[in-house]
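Report on the following structure.
The values are calculated or read from the model by the stated rules, or taken from the named source; none is laboratory data. Since this is a predicted model, take the numbers as computed values, not measurements. Neighbour counts run over all protein chains shown; Cβ positions are idealised from the backbone, glycine included.
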Amino acid sequence: MLIIKSTLLNPSQKIIIITAPSGAGKTSITRFLLNKYPQLSFSISAATRKPREGEKDGVQYHFMSEQDFKNKIDANAFVEWEMVYEGNYYGTLKSELESIWNAGKTPVLDIDVKGAIHIQQQFGKNCLSIFIEPPSVEELKKRLETRGSETAESLATRLNKASYEISFSHQFNKTIINKDLAIACEETEQVIKEFLGW
Ligand code: 5GP
């Protein structure tokens, strides 16, 4: 859901969004960019899902209870938030973006398609949105199965959502097909360099 604009952040600041169906490779591409360019900083979202093995609070997400998340919605603390999967909320905190800009860096958001569209509406040309497309839904299924973090049910949910999300790809500034990860990383890097004038 879109959070409203009365307390909108300064939209003249730049923002980069990497969006994609889950399993399309956006996390690997984002990690590559962040390792290479210290001027970029990952925007850590708030999330109500349980941490996966190896995940730490304040690293992948600010993990929180549903009640805490709802309190933040009421306090207008999010630029955008979504119930990305049934029962699980994810959102971009204004405070997170502000602290990245204050450090003189550009935030990189790894968020879902709807959240990406809402950010684009708020930031206009200061937002670069990149859609990472899997070569096919079949390939995506293989990747999610290999990752091994999904139950049969959550896999089916993610695949259904992926087909739906791919239908939105034309709404973004750039689509990159992730057939070969190294090539996709390089293409994403080029688009970002152009956007930031590097
Ligand atoms: P996962 O549970 O696999 O970490 O992430 C599920 C999905 O939520 C991913 O597509 C991810 O990009 C998206 N997501 C993560 N943070 C946010 C957020 O702050 N806002 C929105 N709208 N989506 C998010």
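Determine which member of the set Lys141, Lys105, Lys72 is in contact with a Leu (Cβ under 9 Å, 6 or more places away or on another chain), farther than 21 Å from Lys14 by Cα and away from the ligand (no atom under 12 Å from the Cβ).
The match here is Lys141.
Can you tell me which residues in the range 165-198 are assigned to a helix (DSSP H, G or I), among the charged types (D, E, K, R) and within 15 Å of the chain's Cα centre (by Cα)? Step through it out loud before you land on a result.
Let us first name the residues in the range 165-198 that are assigned to a helix (DSSP H, G or I), namely 165-166, 169-171, 181-196.
If we keep only those that are among the charged types (D, E, K, R) too, we end up with 165, 186-187, 189, 193-194.
The one that is assigned to a helix (DSSP H, G or I), among the charged types (D, E, K, R) and within 15 Å of the chain's Cα centre (by Cα): Glu165.
Here are some conditions: (1) of a type outside the set (Val, Ile, Thr); (2) touching a Ser or Thr at 6+ places or on another chain (Cβ under 8 Å); (3) within 8 Å of the ligand (Cβ to nearest atom). Tyr89 meets all but one. Which one does it not meet?
That leaves (3) as the condition not met.
Starting from residues that are of a type in the set (D, E, K, R) and under 19 Å from the mean Cα position of the chain (by Cα), keep the ones in the range 124-138 and report whichever is farthest from Ile15 (Cα to Cα). Break it down into steps so the answer makes sense when it comes.
Going residue by residue through the range 124-138, those that are of a type in the set (D, E, K, R) are 125, 133, 138.
With the extra rule that they be under 19 Å from the mean Cα position of the chain (by Cα), the set shrinks to 125, 133.
On the way: Lys125: 10, Glu133: 20 Å.
For the range 124-138, the residue satisfying everything is Glu133.
When you check Gly87 against the structure, is it modelled with pLDDT under 95 and surrounded by fewer than 17 Cβ atoms within 10 Å (Cβ to Cβ), yes or no?
Numbers: modelled with pLDDT under 95: yes; surrounded by fewer than 17 Cβ atoms within 10 Å (Cβ to Cβ): yes.
Yes: the conditions hold for Gly87.
Just to be sure, is Ser129 more than 12 Å from the ligand (Cβ to nearest atom), in contact with a Lys or Arg (Cβ under 9 Å, 6 or more places away or on another chain), touching a residue at least 24 places away in the same chain (Cβ under 8 Å) and at negative phi? It would help to see each step written out before you state the result.
Details: more than 12 Å from the ligand (Cβ to nearest atom): yes; in contact with a Lys or Arg (Cβ under 9 Å, 6 or more places away or on another chain): yes; touching a residue at least 24 places away in the same chain (Cβ under 8 Å): yes; at negative phi: yes.
Yes, satisfied.
Only one of (1) away from the ligand (no atom under 13 Å from the Cβ); (2) within 12 Å of Ile15 (Cβ to Cβ) is not met by Ser43, so which one is it?
All conditions pass for Ser43, except number (1).
Which of the following residues is of a type in the set (Asp, Glu), surrounded by fewer than 21 Cβ atoms within 10 Å (Cβ to Cβ) and touching a residue at least 12 places away in the same chain (Cβ under 8 Å): Glu53, Glu139, Glu80, Glu98? Full working, then the answer.
On the way: Glu53 fails: touching a residue at least 12 places away in the same chain (Cβ under 8 Å); Glu139 fails: touching a residue at least 12 places away in the same chain (Cβ under 8 Å); Glu80 fails: surrounded by fewer than 21 Cβ atoms within 10 Å (Cβ to Cβ).
So the residue among Glu53, Glu139, Glu80, Glu98 that is of a type in the set (Asp, Glu), surrounded by fewer than 21 Cβ atoms within 10 Å (Cβ to Cβ) and touching a residue at least 12 places away in the same chain (Cβ under 8 Å) is Glu98.
So Thr27 clears everything in (1) touching a Lys or Arg at 6+ places or on another chain (Cβ under 9 Å); (2) polar (S, T, N, Q); (3) surrounded by 14 or more Cβ atoms within 10 Å (Cβ to Cβ) except one condition, right? Which one?
Evaluating Thr27 over (1) touching a Lys or Arg at 6+ places or on another chain (Cβ under 9 Å); (2) polar (S, T, N, Q); (3) surrounded by 14 or more Cβ atoms within 10 Å (Cβ to Cβ) leaves (1) as the failure.
For Ala184, work out the one condition from (1) in contact with a strand residue (DSSP E or B) (Cβ under 7 Å, 6 or more places away or on another chain); (2) more than 24 Å from Phe32 (Cα to Cα) it doesn't fulfil.
Only one criterion is unmet by Ala184, namely (2).
Matching residues to (1) β-branched (Val, Ile, Thr); (2) surrounded by fewer than 17 Cβ atoms within 10 Å (Cβ to Cβ); (3) within 14 Å of the ligand (Cβ to nearest atom):
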{"site": "Tyr61", "(1), (2), (3)": "no, no, yes"}
{"site": "Ile119", "(1), (2), (3)": "yes, no, yes"}
{"site": "Glu145", "(1), (2), (3)": "no, yes, no"}
{"site": "Asn160", "(1), (2), (3)": "no, yes, yes"}
